[in-house]
Amino acid sequence: MKKLRLAILPGDGIGQDVTFAAVPIFEALGLPVETIFGDIGWECWKQEGNPIPARTWEIIKSCDAVLLGATTSMPEKEALKALPEHLRASPPPYVSPIVQLRQQLDLYANVRPCFNIKGEGEDFNFSVIRENTEGLYAGLDFYPLPDALHSVVAANPRWRHLSAEDASCSLRLQSRDGLARLFEFAFSHAQREGFNRVTFADKPNVLRKSSAFAREIFEGIAQKYPHIQADIHNVDAVALWMVKRPQEFGVIVAENMFGDILSDLGAGVMGGLGLASSANIGAKGCYFEPVHGSAPRVKSNRANPGAMFLTIGLLLKHFGYHAEAGRIQQALHEVIKEGKFVTYDMGGDASTQTMANAIIDRCLQPKTKKTISFLATGNELVQGEIQDTNSHFFAKTINEKGGNIDQHIQVSDNKRAISSALTYLLGKSDAVIVSGGLGPTSDDTTRFAIADVIKQELCFDETAWTHVVNRLERFNLAVTESNRQQALFPRHAELYPNENGTAFGCHIEWQSKHIFMLPGPPRECRPMFDKHVVARLEQSGFFKKKKVYRWMTLGLIEGEIAPQIDEIAKSHSVGIAYRWHYPYLEIKLAADENEDVNDLVHAVEALLLPCLVSCDGKKAFEVLEESLQHFPHIISVVDKATLGEFEKAVSLQNINYFKTQPAEDTDGVWFCVKASKPLQNQTEFTGMISLECEGFSGKQCRYAHKLSIPNRGHEVIEYAKSYIAWQLRQFIKSLEG
């Protein structure tokens, strides 16, 4: 296979960081790419008087495409000041390197993809395509006005009084050939990418003559693509709807100035310039660049490399490497969704290199875990009249089978609320199980909300209707017109019969997502879930066997230990959960069965060791009882902390090995515990309480421990009892060697 030759021009500022961090993806994916690095940008201008030196043009001419990092451009006055002394006497004209590339290579079309890379909210996917070489960027920018242009301006009575020195003017030049090739490119791009709409954003209500000229050409090109919807809207209206309903658009095409503004707005809709990629396509070549600019105020190794990775994906897609481009996009999506290795602009603290490494690593890994969320509908759930036991039932089964649960949400019987919640969950998860709202009444709106979200009509199903009728007649119940809505389902839905009620459930596969619609009553939905949903999830790869590690600890604060564990685990693809149930903090780590996490587990256990009660989730009294079963001695306990409350707890645990009377004079094994203040009959709960214990064999102290705990309320006695049990077990272990 012929190698793809790429001119890599890192440029200025963060362009250097993101380029060098991302370029290794070519080798990682095993692509036949040859990279030739060249110089471009502000430093070249400052040293040589040309932002694109002749040697760089030679590299560009020898390559198939250019990958550009970022360049710094300055106004003419600042540019001239930056020149070296020997060039200032006869300064060369400063032309932005971006403008040079577009003009020299005749790169007339700029493509800016905008899609829901974060996976939040409703899905959207559109492209902004703008003209690169004409319009207000054609270079016809004048001050003062030349005589010919001044005479044109003075012909208008409103501007007749202006002198040439008191006005400036830029011409929006649009040629027939330039507009025709732009619109042709936009429609062919829509056809190639599967978009069914092309919107021309212009200002026909103000720029009447030039807009009418463009409209004629646009409509002429559109006739060649009758299967694609073509429309023209004011640019300001397009901007509004890009923000409010970006999912409505396919391709937005515009002249240079309008397109420039809309494309940056599109980047904002995506999540910021740190995620905005672009391609510049023309008759003589192409170049690709992230659009965040050189960002001189951003510190070194802090910039988001996401836009550069998406730009590389655009480049690969342009040359036919669609699968590899898709892997890059998916990897970035997963890294953003996970949130562990993202830069400051996305709420993280990762460096450019760290985030880039995470994206490359993810590209080389199999598809990460699919997630499942639950949406329970019903006013009675939201108002607390009944509990959502269905989601608990679903979660228990899915967790046992190795599935990954993302979120539980409850909403009222409101179509808009259900639609909003489902849209949100589909953006976060790979499958959503919706329960409730499938009855025949006006507040049963689930099926209609789902149809709105996936934009599919509901179709009447005779099999489902026959079941509804038979079920009602079997119990001598009236069949009403309202019952017919229970037979409505999205087209191509897989129906699930209801053995215990009237409402069928169903499964819908939509945009690689899975939606399950189940009735609300547990007696109806749970058999349906067990028989159909579990099988479908397993078939679709949602279940993977896991290794689960559990540590029960005492004396730890979640907010202090969690960052330390997260730091240890950051290079592993594992799930970590923290559960506080007074006085214990349980820490759980789950990993795929085939992932080697032995070193991680040992590191976590070493960190937790001073506060570790058990490595299997057992609490202090349980592990104490196990230790005493094989311990050959009677332990006398001197309880100066709970004053007998521990003895009561021991009897409840069916442990019969203690004497609680003082045993200072004994030669046996004894254990003493005390508190810094009385735990019983307290009236004020402030500050800290110190618990201390000592273990003796004969008169020799063999063990000692001390712990301070918040004096938060009467429950500190429960803390003290667990502490005594835990430390007794530790004492026994010390005696056993």
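The values are calculated or read from the model by the stated rules, or taken from the named source; none is laboratory data. No experiment lies behind these values; they were computed from the predicted model shown. Every residue, glycine among them, receives a Cβ derived from its backbone with ideal geometry; neighbour counts consider all protein chains shown.
Please report, ordered by residue number, the helices (runs of 4 or more DSSP H) entirely within segment 81-190 with at least 3 residues that are farther than 30 Å from Q329 by Cα and at pLDDT 90 or above.
Qualifying helices (runs of 4 or more DSSP H): 147-154.
Would you mind finding the one in I576, I557, I561, I565 that is in contact with a Ser or Thr (Cβ under 9 Å, 6 or more places away or on another chain), without any contact (Cβ under 8 Å) to a residue 60 or more places away in the chain and among the hydrophobic types (A, V, I, L, M, F, W, C)? Full working, then the answer.
Values: I576 fails: in contact with a Ser or Thr (Cβ under 9 Å, 6 or more places away or on another chain); I557 fails: in contact with a Ser or Thr (Cβ under 9 Å, 6 or more places away or on another chain); I565 fails: in contact with a Ser or Thr (Cβ under 9 Å, 6 or more places away or on another chain).
Among I576, I557, I561, I565, only I561 is in contact with a Ser or Thr (Cβ under 9 Å, 6 or more places away or on another chain), without any contact (Cβ under 8 Å) to a residue 60 or more places away in the chain and among the hydrophobic types (A, V, I, L, M, F, W, C).
Of a type in the set (D, E) and surrounded by fewer than 16 Cβ atoms within 10 Å (Cβ to Cβ) - does that describe any residue in segment 110-121?
yes
Pairs please, first residue from segment 32-48 and farther than 20 Å from L316 by Cβ and assigned to a helix (DSSP H, G or I), second anywhere and of a type in the set (V, I, T) and modelled with pLDDT under 90, Cβ atoms under 9 Å, 6+ apart in sequence or on different chains.
Filtered contacts from segment 32-48: W42/T72; E43/T72; W45/T72.
Give me the strands (runs of 3 or more DSSP E) completely within segment 553-634, filtered to those with at least 1 residues that are surrounded by 19 or more Cβ atoms within 10 Å (Cβ to Cβ), of a type in the set (G, A, S) and under 25 Å from the mean Cα position of the chain (by Cα), ordered by residue number.
Counting at least 1 such residues, we get 584-592.
How many residues are surrounded by fewer than 19 Cβ atoms within 10 Å (Cβ to Cβ) and touching a helix residue (DSSP H, G or I) at 6+ places or on another chain (Cβ under 6 Å) when one looks only at segment 368-388?
2
Being buried (at least 17 other Cβ atoms within 10 Å of the Cβ), touching a residue at least 12 places away in the same chain (Cβ under 8 Å) and not charged (D, E, K, R) is the requirement here; does A70 meet it? Spell out how you get there, then give the answer.
Values: buried (at least 17 other Cβ atoms within 10 Å of the Cβ): yes; touching a residue at least 12 places away in the same chain (Cβ under 8 Å): yes; not charged (D, E, K, R): yes.
Here the answer is yes, as A70 does meet what is asked.
I need a count of the residues in segment 539-581 that are small (G, A, S) and under 15 Å from E605 (Cβ atoms).
Narrowing segment 539-581 to residues small (G, A, S): 540-541, 555, 559, 562, 569, 571, 573, 575, 577.
Restricting the remaining residues to those that are under 15 Å from E605 (Cβ atoms) gives 569.
Qualifying residue count for the region: 1.
So which of D406, D413 is assigned by TED's automatic domain parsing to the domain that holds T377, assigned to a strand (DSSP E or B) and either crowded, with 18+ Cβ neighbours inside 10 Å or in contact with a Ser or Thr (Cβ under 9 Å, 6 or more places away or on another chain) (or both)?
D406
Given the condition assigned by TED's automatic domain parsing to the domain that holds R327, surrounded by 23 or more Cβ atoms within 10 Å (Cβ to Cβ) and within 25 Å of M355 (Cα to Cα), answer yes or no: does some residue in segment 44-67 qualify?
yes
Just one of L375, L332, L422 is among the aliphatic types (A, V, I, L, M), touching a residue at least 60 places away in the same chain (Cβ under 8 Å) and outside any helix (DSSP H, G or I); which is it?
When all the criteria are applied, what remains is L375.
Of all residues in segment 348-367, which are of a type outside the set (D, E) and either farther than 14 Å from R302 by Cβ or at pLDDT below 90 (or both)?
Let us first name the residues in segment 348-367 that are of a type outside the set (D, E), namely 348, 350-360, 362-367.
Answer for segment 348-367, where residues must be of a type outside the set (D, E) and either farther than 14 Å from R302 by Cβ or at pLDDT below 90 (or both): N357, A358, I359, I360, R362, C363, L364, Q365, P366, K367.
Answer with yes or no whether M517 is buried (at least 18 other Cβ atoms within 10 Å of the Cβ), touching a residue at least 60 places away in the same chain (Cβ under 8 Å), among the aliphatic types (A, V, I, L, M) and not in a loop (DSSP other than H, G, I, E, B).
Yes; evaluated as a whole, the condition is true for this residue.
Sort through D231, D177, D236, D202 and tell me the only one that's closer than 17 Å to E131 by Cα and loosely packed, with under 15 Cβ neighbours inside 10 Å.
Residue meeting the stated conditions: D177.
Since E85 meets every condition but one in (1) charged (D, E, K, R); (2) more than 32 Å from the chain's Cα centre (by Cα); (3) under 28 Å from V253 (Cα atoms), which condition does it not meet?
In the conditions (1) charged (D, E, K, R); (2) more than 32 Å from the chain's Cα centre (by Cα); (3) under 28 Å from V253 (Cα atoms), E85 misses (3) alone.
Scan segment 464-473 and tell me whether some residue there is in contact with a Phe, Trp or Tyr (Cβ under 8 Å, 6 or more places away or on another chain) and in a helix (DSSP H, G or I).
yes
Within segment 335-345, track down each residue that is part of a helix (DSSP H, G or I) and either of a type in the set (K, R) or surrounded by fewer than 19 Cβ atoms within 10 Å (Cβ to Cβ) (or both).
Step one: list which residues in segment 335-345 are part of a helix (DSSP H, G or I), which gives 335-338, 344-345.
Hits for segment 335-345 are K337, E338, Y344, D345.
So is K733 loosely packed, with under 14 Cβ neighbours inside 10 Å, of a type outside the set (S, T, Y) and not in a strand (DSSP E or B) or not?
yes
Among all residue pairs at least 6 apart or on different chains, which show Cβ distances below 6 Å where the first residue, located in segment 167-188, is among the hydroxyl-bearing types (S, T, Y) and the second is not in a helix (DSSP H, G or I)?
Filtered contacts from segment 167-188: S168/Y143; S170/L136; S170/D141.
Need pairs with beta-carbon distance below 7 Å; first residue within 19 Å of F183 (Cα to Cα) and within segment 200-211, second in a helix (DSSP H, G or I) and of a type in the set (V, I, T); sequence gap 6+ or separate chains.
Filtered contacts from segment 200-211: A201/V235; A201/V238; D202/V235; K203/V235.
Which of the residues that make up segment 273-310 are surrounded by fewer than 24 Cβ atoms within 10 Å (Cβ to Cβ) and more than 28 Å from E184 (Cα to Cα)?
G293, S294, A295, P296, R297, V298, K299, S300, N301, R302
Which one is surrounded by the most Cβ atoms within 10 Å (Cβ to Cβ) among residues in segment 122-165 that are among the hydrophobic types (A, V, I, L, M, F, W, C) and under 30 Å from I454 (Cβ atoms)?
V128
Return the total of residues in segment 1-31 being in contact with a Pro (Cβ under 7 Å, 6 or more places away or on another chain), among the aliphatic types (A, V, I, L, M) and part of a loop (DSSP other than H, G, I, E, B).
Here the count works out to 1.
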